[in-house]
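First comes the structure, then the notes that go with it.
Just so it is clear, none of the values below were taken in a lab; they were calculated from the coordinates. Quantities reported herein were computed from a predicted structural model and do not represent experimental measurements. Cβ: placed from backbone, ideal geometry, glycine included. Neighbour counts: every protein chain shown.
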Amino acid sequence: MDTTTLTQLGRDARPAERPEDALLERVPNPHPQALYLARFTAPEFTSLCPVTGQPDFAHLVIDYAPGDWLIESKSLKLYLTSFRNHGAFHEGCTLDIGRRVAETAQPRWLRIGGYWYPRGGIPIDVFWQTGAPPEGLWLPDPGVPPYRGRG
């Protein structure tokens, strides 16, 4: 695999100040004809409430069926970290991440689950997918229980 075009993998890289400035990179899929699921789990995702400026915490699960491209994981980590000082509602963060990953990787299918910890006593879970999953794709349970004092 030619990684010479990657700007973050194997290099000193810092998170962008804002998600829109973050570089999300992709690499060629070594098995583009195979139908399989790749999962990223970010159990310590953080952003800021756009009203109060207080931190919000989520457990993100991103599942995708790759096509020609894979998301490069270091760039994903740096992209997600760029949300730490970003003020947005749970729904906005979750959909922004799902859409950006889908735009970059151009997968056959993608879903994201944002399992947000309570704000004001109410957990807000946000789910989005690009469409119906391809027939024959194994979809494991996301592994995040319904909120009952997660942790």
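A compact table of results
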quantity: For the chain: Kirkwood Rh in Å [reciprocal of mean 1/r, alpha carbons]; calculated: 16.1 Å
quantity: Relative contact order computed over the chain (Cα-Cα under 8 Å; 6+ residues apart), in percent; calculated: 25 percent
quantity: Charge-dipole axis of the range 19-129 as Lys and Arg at +1 and Asp and Glu at -1 on Cβ define it, positive-most pick from PRO118, GLN33, PHE83; calculated: GLN33
quantity: Cleavage-rule hits, chymotrypsin sites (Phe, Trp or Tyr not before Pro), the range 95-151, DSSP coil, Cβ neighbours within 10 Å at most 16; calculated: TRP138, TYR147
quantity: Top of HIS90, HIS31, HIS59 by mean-square fluctuation, Gaussian network on the chain, Cα under 10 Å; calculated: HIS31
quantity: Restricting the range 1-106 to trypsin sites (Lys or Arg not before Pro) in coil, as DSSP defines it, with at most 11 other Cβ within 10 Å; calculated: ARG11
quantity: Cα long-axis angle, helix 90-105 against the chain (0 to 90 degrees, to the nearest 10); calculated: 10 degrees
quantity: The chain: most fluctuating residue of ALA22, ALA88, ALA13 per GNM, C-alpha cutoff 10 Å; calculated: ALA13
quantity: Gaussian network model of the chain, Cα within-10 Å springs - most flexible of ALA42, ALA65, ALA105; calculated: ALA42
quantity: Karplus-derived HN-Hα couplings along the range 125-137 (A = 6.51, B = -1.76, C = 1.60, θ = phi - 60°), whole Hz, x at Gly and Pro; calculated: 9, 10, 10, 8, 9, 7, x, 5, x, x, 4, x, 7
quantity: Qualifying chymotrypsin sites (Phe, Trp or Tyr not before Pro) for the range 7-95 [loop in DSSP, other Cβ within 10 Å: at most 14]; calculated: TYR36
quantity: Calculated [θ] (222 nm, deg cm²/dmol) that DSSP helices of n ≥ 4 give over the chain, each run adding -39,500 (n - 2.57); calculated: -5000 deg cm²/dmol
